[in-house]
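See structure below.
The values are calculated or read from the model by the stated rules, or taken from the named source; none is laboratory data. Just so it is clear, the structure is predicted and the values come from calculations on it, not from any experiment. Backbone-built Cβ (ideal geometry, glycine too); neighbour counts: all protein chains shown.
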Amino acid sequence: MKQIKLNSSTRTELGGNSAKRYLKSGKVPAVIYGESGVKHLVMDEKELATALKAVMGKAVLIEMTFDDESESRYAMIKEVARNPLSEKVLHVDFIEVVRGKPMHAVVPLHYVGESYGAKNENGVVEIHEYEAAIVCRPRDLPEFVTIDITNLKVGEAIHLKDVKLPEGVEYSGDTEIAVVTCNVNKVEEEPAAEAAPAEGAPAAEAAK
């Protein structure tokens with residue numbers, strides 16, 4: 001389980017105009033929801049950017065600390081709102097993770113290896129799922145789930161139920177779904193070129 005720490009301050013002003021003022025001063029508005037209640041926060045833009053980079057492509061627990069001396073909370077990122085043009089972070093929603101209690105999470109699926117079918121049978125690998133829903137205690141949260149496709153042949157599929165999870169972790173969604181398949185690589189044949197008219201043939205004949 002990977003874990004990072006993120007500092008925050010209590011947001012004293014709410015509303016759209018106040019959010020703009022925070023953003024101009026290098027602070028990003030945020031909210032944490034959960035068993036301990038809703039808490040409106042602001043956090044340093046640069047520190048948040050570092051944290052977002054650290055959790056990219058992974059399931060990571062974040063220990064959030066508060067300036068009002070209340071107890072820190074563990075959380076995961078629920079949603080990040082960004083400016084569609086600049087990609088600047090405008091707002092972040094966090095969901096609380098309660099220590100010692102089972103938690104629901106979505107973890108990335110990482111595919112490794114070169115498929116036998118793609119290497120030897122003119123097959124093409126098609127990935128259908130990039131993440132999976134799981135349930136576990138916070139201490140057992142995996143950063144991601146690795147799927148080895150080395151033995152995947154043409155006409156075969158790997159289903160979620162075939163992918164082993166670490167001890168203490170279970171799937172919470174449909175395990176019958178095919179996460180990756182290897183299919184025949186269908187190459188479209190180019191249409192045959194039309195025969196050129198014989199030399200000296202009348203243009204009208206050539207056009208027939």
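One table, with the values for the structure above:
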item	result
So G155, is it of a type outside the set (A, V, I, L, M), part of a loop (DSSP other than H, G, I, E, B) and more than 23 Å from the chain's Cα centre (by Cα)	yes
Exclusive hit being assigned to a loop (DSSP other than H, G, I, E, B) and assigned by TED's automatic domain parsing to the domain that holds G168, set T150, T146	T150
Test: residue in the stretch 89-100 that is loosely packed, with under 14 Cβ neighbours inside 10 Å and assigned to a strand (DSSP E or B)	no
M64 vs. criteria under 16 Å from Q3 (Cβ atoms) and either surrounded by 14 or more Cβ atoms within 10 Å (Cβ to Cβ) or not assigned by TED's automatic domain parsing to the domain that holds N7 (or both)	yes
Top-ranked residue in the stretch 52-68 [being in contact (Cβ under 8 Å) with a residue 60 or more places away in the chain and among the hydrophobic types (A, V, I, L, M, F, W, C); ranked as farthest from E87 (Cα to Cα)]	L61
Residues of the stretch 10-43 that turn out to be surrounded by fewer than 16 Cβ atoms within 10 Å (Cβ to Cβ) and either of a type in the set (S, T, N, Q) or over 22 Å from A105 (Cα atoms) (or both), as a count	15
Residues that are modelled with pLDDT of 55 or more, exposed (fewer than 12 other Cβ atoms within 10 Å of the Cβ), under 26 Å from E126 (Cβ atoms) and out of contact with any helix residue (DSSP H, G or I) (no Cβ under 7 Å at 6 or more places or on another chain), drawn from the stretch 163-208	K164, D174, K186, V187
